[in-house]
Structure formats: C-alpha cells, structure tokens
Amino acid sequence: MDVEIIFKIAGIGILTAVIGQILKNSGKDDISTLATLAGVVIVLFMVIGMISELFTTIKSMFNFASVLPFI
Amino acid sequence: MDALYKIISIAIITCIACLIVKPVRTDFAIFISIVGGIIILFYTMSYLSNVFDIFNNIFKISGINSSLYAVIFKIIGIGYLTEFTASICNDTGNSSLGDKVLLGGKIIILVMALPIITSILEIVMELLPK
C-alpha cells in the first residue's frame with residue numbers, strides 16, 4: 001500500500017499505449033483496440049479493489065455498522 | 001511530522017505520474033490520481049483512528065448517551081467521503097457532478113443532525129424555569 005501501486009498503474013498505462021501503437025502500425029487495428037481495452041479493464045479492477053478497501057476501512061472506523069433506516 | 005513528508009511525497013509523485021501518462025493515455029491519469037488520493041486517505045485515517053479512541057474515552061467519562069456521538073462520527077465519515085468523491089469529479093472535469101455530490105452529502109448530514117438538534121432543545125427546555 002504505497003507508491004508502487006501508482007508506478008504499477010502508470011506502467012500498465014504506458015505499456016498498453018505502446019502495445020496499441022505497435023499493433024496499429026502492424027496493421028492489426030482491431031487487436032490493438034482489444035489490447036488497450038484490456039489494459040483499461042485491468043487498471044479498473046485494481047482501482048475498484050482499492051476503493052472497496054477504502055470503503056470497508058471507513059465503515060469499520062466510523063462505525064457505520066448501525067445502519068440508519070434510510071442510509 | 002514524518003507522516004506529513006510521506007503524504008507530500010506521495011502527492012508529488014502522483015502528480016508527476018499523472019502528467020507523464022496524460023499525453024499517452026488520458027484516462028489512466030484519472031486512475032492514478034484516484035489511487036494517490038486513496039493512499040493519502042489511508043494515511044490520514046490511521047491518524048484519525050487514535051483521535052477517535054481519545055474521543056470515546058471523553059464521551060464515556062462525560063456520560064451523555066453515546067448515540068449522539070456515533071452520529072457525529074458518522075457525519076465526519078460522510079464529509080470525508082463526499083469530499084473525496086467531489087474532488088475526483090472535479091478532476092475528471094465535470095465539476096457540476098462534484099457539486100451535486102457535495103449537495104447530497106450536506107443534505108444527508110442535515111438529516112442525521114436532526115436528532116442532535118432535538119436533544120439539545122430538550123436539554124434547553126429542561127433548564128428553562130417553568
């Protein structure tokens with residue numbers, strides 16, 4: 001839980017861009033869109049995992065457990 | 001103080017990573033800023049938790065029923081989350097959405113603060129001479 005996650009995401013971003021460019025130049029346009037899409041999906045899962053972790057920590061700390069009737 | 005340096009360094013590193021990735025992949029820049037925000041939030045939360053322990057002791061000593069203080073903690077949590085989401089919305093460019101999130105947070109906080117207001121009124125009514 002530190003800076004390396006930021007570098008990991010940045011690396012994935014640059015990698016997908018490079019791979020997309022290579023595939024596009026070598027004529028395989030549809031595969032390059034799939035590759036960029038896959039990169040975005042992977043990073044999305046990582047970010048969503050961190051957000052859910054954030055929500056569970058906040059819920060445990062601010063003892064949201066006692067759910068109000070409408071929240 | 002070292003936590004402050006850590007927070008500052010993470011913020012600067014995230015900004016630079018965002019700038020590097022922005023021309024190449026604009027959507028990844030938003031992911032990076034979100035993740036940086038989450039990491040900084042985790043640091044601040046570790047400090048907030050021992051503040052809460054101290055508050056709990058104070059409330060136990062003061063003896064006023066703890067349901068009011070649970071609401072206060074929840075309000076702090078709501079403010080925490082709405083501020084986080086609103087700043088992400090402003091980052092991505094649609095600041096109107098961020099304002100709506102803030103508005104929703106304020107309304108929920110108001111609704112949760114009502115029991116506190118009523119209990120304060122009851123206390124004041126008791127103090128007034130009949």
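Readers should treat all values here as calculations from the given coordinates under stated rules, not as data from a laboratory. Given the structure is predicted, the values throughout are model-derived calculations rather than measurements. Counting neighbours? That spans all protein chains shown, and the Cβs are built from the backbone with ideal geometry, glycine included.
Reported to the nearest whole Å, the Cα centre-to-centre distance from region B:26-47 to region B:52-121 is 21. Computed about the Cα centre, the dipole magnitude for chain B is approximately 100 debye when only Lys and Arg (+1) and Asp and Glu (-1) carry charge, each at its Cβ. Relative contact order, whole percent, for region B:48-130 stands at 24, derived from Cα pairs under 8 Å and 6 or more residues apart. Looking at the protein assembly as shown, what % of the alpha carbon pairs are farther apart than 27 Å? In whole percent, the long-distance tail amounts to 46. Computed from phi, the 3J(HN,Hα) profile of region B:78-90 under the Karplus parametrisation 6.51, -1.76, 1.60 (θ = phi - 60°) reads 4, x, 4, 6, 5, 4, 4, 5, 5, 6, 5, 4, 5 Hz, with x in place of Gly and Pro. Fewest neighbouring Cβ atoms within 10 Å first, the residues B:LYS130, A:LYS28 line up as B:LYS130, A:LYS28. Binning the alpha carbon pair distances of region A:3-63 at 10 angstrom intervals from zero yields the distribution 22, 35, 23, 13, 6, 1, expressed in whole percent.
From helices alone, chain B scores -33000 deg cm²/dmol at 222 nm; the rule is -39500 (n - 2.57) for each run of n ≥ 4 DSSP H residues, then divide by the residue total.
Placing unit charges on each Cβ (+1 for Lys and Arg, -1 for Asp and Glu) gives the protein assembly as shown a dipole about its Cα centre, and among B:LEU103, A:PHE55, B:PHE55 the Cα reaching farthest toward its positive end belongs to B:LEU103. When the Gaussian network model of chain B links Cα atoms closer than 10 Å, the mean-square fluctuations of B:THR92, B:THR118, B:THR26 top out at B:THR118. The simple Förster model, with R0 at 25 Å and r as the Cβ-Cβ distance, assigns B:LEU4 and B:ILE61 a FRET efficiency of 0.20. Cβ-Cβ distance of B:LYS100 and B:THR44, R₀ of 35 Å, FRET efficiency by 1/(1 + (r/R0)^6): the value works out to about 0.90. Let me know the shape class of region B:1-123, please: from the alpha-carbon gyration tensor, a ≥ b ≥ c as square roots of the eigenvalues, rounded when a/c is under 1.5, otherwise prolate if a/b is greater than b/c, or oblate. The shape class here is oblate.
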